[in-house]
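Colleague: What follows is a single structure, and I will ask about it in a moment.
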Amino acid sequence: MRDIKALVAEMTVEEKAGLCSGADFWHTKGIDRLGIPSVMLSDGPHGLRKQDDKGDHLGINESIQAVCFPAASCTSNSFDRNLLREMGRTIGQECQAEEVSVVLGPGLNIKRSPLCGRNFEYFSEDPYLTGQLASAFVQGVQSEGVATSPKHFAVNNQENWRMSISAEVDQQTLREIYLPAFETVVKEAQPKTIMSSYNLINGVYASENRWLLTDVLRKEWGFNGYVVSDWGAVDRRVDAIKAGLDLEMPSSNGYSESEILAAITSGQLEEAELDKAVIRLLTVIFDYVDHKKELVFDYEGDHQKARHIAEESAVLLKNEGVLPLAKDQQTAIIGEFARTPRYQGGGSSHVNPYKVISAWDVVKDQAGINFAQGYSLENEEINQELIDEAVLVAQNSDVAVVFAGLPESFESEGYDRTHIQLPANQNALISAVAAVNPNTVVVLQNGAVVAMPWHDEVSAILEMYLAGEAVGQATINLLYGTVNPSGRLAETFPYKLEDNPSYLNFPGNGRTVEYRESIFMGYRYYDKKKMAVQYPFGYGLSYTNFAYSNLTVSSDNLLDTDTLSVKVTVTNVGKIAGKEVVQLYVSSLEEKAERPVRELKGFEKIFLQPGESQVVGFTLSKRSFAQFNTDLNDWYVPTGDYEVTICRHSRDEGLVKTVRLTSTQTLPYQVHRNSTFGELIDNPKTRDWAMTLKAKVDAFFHPDGVEKSSAVSDDMGDSIFRNMPLRGVISFVNMTSQELDAAIADLNRN
């Protein structure tokens, strides 16, 4: 076994400093005299983007040919851990074939706003779903001896001012929404690297944030790999080393090495801190070297895997009986996206595809199929001649399938969207076609949420998202029923942008962006507000139907340290085989709890033949019910009743069981002069004392038990008392201010 520490002991301080930044845009430095190789990092969350010579991080220069898989905004809708694990394994094999040691991904940032230009690279608005799918992907890649680099750690939820904006987020929101996916990936998949984000978090750059990179990531979660910067994200290199950032990318052309050496010479930086970074780097580098194997890139095989992943991830949003299509129907294929598909996002994840298959490529030789362009991708202008041509084709067809979506110029790394509308020419086309053909189907190709002003005019909507290079074949297989749709939305589709909880606080003022919506974002907000949405989180249709029955729980009364087993029977009551996504949500029934209506805490995807049933099981732990308590600086389950719901989406009533959990933790509580009686009564340690004082207050207002005035109801009196601060009783009982302070001190001692 290689002795990394001994190897580091042989290195000069100059070599150590040099190893902590790139040799060029994509490679680490090598040290020939010690047998330390230079290895390559590459973009690749949904396909390998290896650049051989002219490196850049925005997809400007061409990369090698590779297979373009569906983007995370698409694969997240699969709700399928096994699918993501297999996709990761395939990309890991491609990395081995191309001698790439680290895949920069997956993207774990939460979809705070539908405007984020990079939402196509991110999984979901929900941290549990994100963490589960990302963990599976990381496990898949790393099973092939290749490292991953989940990104961007952390709170990188916009592109505008991404390199300078400070995300102002309270601790509870960080812990419950923006950090859990990273935590899950670290604990369940142990990625070999983590990429820090560009932005500041509460005034401190992520790359220099010791609380984030050392206290939380390493000490609390147990991460033992190395932290790499996003490209060009480091401001002060020495501060970043101290915070726990090991590798700066790309090359600093010697500048960072000079800073590190000067800091060691002056005593500002201990060489031992530099040694830690080098040890972490070399451990991962040699792990790749030791697992290097000769593989051949199977382009065609991987292309078919990309098709399968797209099929499993598409979401059927609406179907009034027009789908699946029949081969003997006269069918109009309308829209430029049908022959020039949008299948991936722009920027650092842009893949040079092996081959792109459009829907028109698949059906153009089929009898009864006609095409009309409908719109131009060059601009949004409504071309009436193209619309009239499309209307004529639609009028003479049994079914009209309109391919629509967002052009690449609408969403990309580097800038945020300004609205959630489709191009005006596409909206006009869809309405015009639907007006002459009642069997109009819309196929969407987009990286994020879009508004649907024509929703009620069409008969079916198939959401493909950015489905990779095999999008055409996958789409046709879904439309004709060769594959039964089984995807479910990983984000809520609101009716309009203004409904989004971050609307008033996105994207900030250029210096700071305040996350004032707190934990209430995505479906947690929409459901709490009982706000009408176009489609709720977790929603999706199938060509068959499923029934749920016999929901059971292992206990209805348990401690927060216990686990809860949940089982439900799912039956395919339709006529064809299909897959169902069984979703489990947890709700707190405490009236005063400032909690979401329900939160996703489990999901399973199952395949059932017609008439077949299967028992689906879940295991819930403390974290399934917990909220982050800032007084404890830990996860806490308040004693009370909780609902466990098995359902089809976040708005579905589903099947419900109520369980009672008892906390084994005691919250720290310091009494002070402005503590309210309500707080004291609710706390078991102070309840008796508070009730004794309450009796004295009551006696002041009602001496000799005189009947209460009709002007003051019981409810009013109780409310006034519960909201009264302790200092308020001095006016109503025989107690001085000094006596009150002494009583408070005594309560706090006990």
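The values are calculated or read from the model by the stated rules, or taken from the named source; none is laboratory data. Not measured: the values here are computed from a predicted model. Positions of Cβ are generated from backbone atoms using ideal geometry, with glycine treated the same way; all protein chains shown enter the neighbour counts. Surface areas here come from the heavy atoms of the whole protein model, side chains and all, with no ligands, DNA or RNA. Shrake-Rupley method; radii C 1.70, N 1.55, O 1.52, S 1.80 Å.
Colleague: Is it the case that Arg595 is in contact with a strand residue (DSSP E or B) (Cβ under 9 Å, 6 or more places away or on another chain), under 26 Å from Ser313 (Cβ atoms) and outside any strand (DSSP E or B)?
Modeller: Here the answer is no, as Arg595 does not meet what is asked.
Colleague: Can you name every residue in the range 397-442 that is open to solvent by 10 Å² or more (accessible area, probe 1.4 Å), among the polar types (S, T, N, Q) and modelled with pLDDT of 95 or more?
Modeller: Once the filter is applied, which keeps residues that are open to solvent by 10 Å² or more (accessible area, probe 1.4 Å), among the polar types (S, T, N, Q) and modelled with pLDDT of 95 or more, the range 397-442 yields Ser397, Thr418, Gln421, Asn427, Ser431, Asn439.
Colleague: If I ask for residues that are open to solvent by 50 Å² or more (accessible area, probe 1.4 Å) and either under 16 Å from His152 (Cβ atoms) or assigned to a helix (DSSP H, G or I) (or both), which ones from the range 184-201 would you list?
Modeller: The initial filter retains those residues of the range 184-201 that are open to solvent by 50 Å² or more (accessible area, probe 1.4 Å), namely 187-188, 190.
Lys187, Glu188 - these are the residues of the range 184-201 that are open to solvent by 50 Å² or more (accessible area, probe 1.4 Å) and either under 16 Å from His152 (Cβ atoms) or assigned to a helix (DSSP H, G or I) (or both).
Colleague: A further question follows. Please determine, by comparing only the residues of the range 565-605 that are closer than 14 Å to Ala547 by Cβ and of a type in the set (A, V, I, L, M), which one is most open to solvent (accessible area, probe 1.4 Å).
Modeller: Going through the range 565-605, the residues closer than 14 Å to Ala547 by Cβ turn out to be 568-575, 578, 580, 582.
If we keep only those that are of a type in the set (A, V, I, L, M) too, we end up with 568, 570, 573, 582.
Details: Val568: 1, Val570: 0, Val573: 87, Val582: 0 Å².
Checked the range 565-605; the qualifying residue most open to solvent (accessible area, probe 1.4 Å) is Val573.
Colleague: Restricting the range 202-225 to residues that are polar (S, T, N, Q) and more than 26 Å from Ser113 (Cβ to Cβ), which is least open to solvent (accessible area, probe 1.4 Å)? Before the answer, list the steps.
Modeller: Narrowing the range 202-225 to residues polar (S, T, N, Q): 202, 207, 209, 214, 224.
Within this subset, residues satisfying the condition of being more than 26 Å from Ser113 (Cβ to Cβ) are 214, 224.
Values: Thr214: 16, Asn224: 106 Å².
The qualifying residue least open to solvent (accessible area, probe 1.4 Å) is Thr214.
Colleague: Moving on to the next point. Yes or no: Ala474 buried (at least 24 other Cβ atoms within 10 Å of the Cβ) and either touching a residue at least 24 places away in the same chain (Cβ under 8 Å) or over 18 Å from Ile110 (Cα atoms) (or both)? Break it down into steps so the answer makes sense when it comes.
Modeller: Details: buried (at least 24 other Cβ atoms within 10 Å of the Cβ): yes; either touching a residue at least 24 places away in the same chain (Cβ under 8 Å) or over 18 Å from Ile110 (Cα atoms) (or both): yes.
Yes; evaluated as a whole, the condition is true for this residue.
Colleague: Could you tell me whether the range 664-681 includes any residue that is part of a helix (DSSP H, G or I) and either modelled with pLDDT under 80 or of a type in the set (S, T, N, Q) (or both)?
Modeller: Step one: filter the range 664-681 for residues part of a helix (DSSP H, G or I), giving 677-681.
Going one step further and asking which of them are either modelled with pLDDT under 80 or of a type in the set (S, T, N, Q) (or both), we end up with none.
Within the range 664-681, not a single residue is part of a helix (DSSP H, G or I) and either modelled with pLDDT under 80 or of a type in the set (S, T, N, Q) (or both).
Colleague: Given the structure, is Asp235 without any contact (Cβ under 8 Å) to a residue 40 or more places away in the chain, outside any helix (DSSP H, G or I) and among the acidic types (Asp, Glu)? Walk me through how you get there before you give the answer.
Modeller: Details: without any contact (Cβ under 8 Å) to a residue 40 or more places away in the chain: yes; outside any helix (DSSP H, G or I): yes; among the acidic types (Asp, Glu): yes.
So Asp235 fits the description; yes.
Colleague: Within the set of pairs 6+ apart or on separate chains, which have a first residue in the range 201-214 that is among the aromatic types (Phe, Trp, Tyr), a second that is open to solvent by 30 Å² or more (accessible area, probe 1.4 Å), and C-beta atoms under 9 Å apart?
Modeller: Note: pairs meeting the criteria are Tyr205/Asp235; Tyr205/Arg236; Tyr205/Asp239; Trp211/Val204.
Colleague: Kindly list the number of the only condition in (1) over 29 Å from the mean Cα position of the chain (by Cα); (2) of a type in the set (Val, Ile, Thr); (3) open to solvent by less than 10 Å² (accessible area, probe 1.4 Å) that fails for Val228.
Modeller: For Val228, the failing item is (1).
Colleague: Do you know which residues across the range 525-569 are of a type in the set (D, E, K, R) and either closer than 25 Å to Lys592 by Cα or touching a His at 6+ places or on another chain (Cβ under 7 Å) (or both)? Talk me through it step by step, then tell me what you get.
Modeller: To start, the set of residues in the range 525-569 that are of a type in the set (D, E, K, R) comprises 527-530, 556, 560, 562, 567.
Correct list: Asp527, Lys528, Lys529, Lys530, Asp556, Asp560, Asp562.
Colleague: Ser349 fails exactly one of the following numbered conditions: (1) within 30 Å of the chain's Cα centre (by Cα); (2) open to solvent by 50 Å² or more (accessible area, probe 1.4 Å). What is the number of that condition?
Modeller: Failed condition: (2).
Colleague: While we're on this one: Across the range 340-388, what is the number of residues that are charged (D, E, K, R), in contact with an Asp or Glu (Cβ under 9 Å, 6 or more places away or on another chain) and farther than 18 Å from Gly447 by Cα? Spell out how you get there, then give the answer.
Modeller: We begin by selecting, within the range 340-388, every residue charged (D, E, K, R); these are 342, 355, 361, 364-365, 378, 380-381, 385, 388.
From the residues that got through so far, the ones that are in contact with an Asp or Glu (Cβ under 9 Å, 6 or more places away or on another chain) too are 342, 355.
Next, only the ones that are farther than 18 Å from Gly447 by Cα stay: 355.
Selection size over the range 340-388: 1.
Colleague: If you don't mind, there's one more thing I want to ask. Only one of these conditions is not met by Tyr299: (1) within 19 Å of Ser78 (Cα to Cα); (2) open to solvent by 20 Å² or more (accessible area, probe 1.4 Å). Which number is it?
Modeller: (1)
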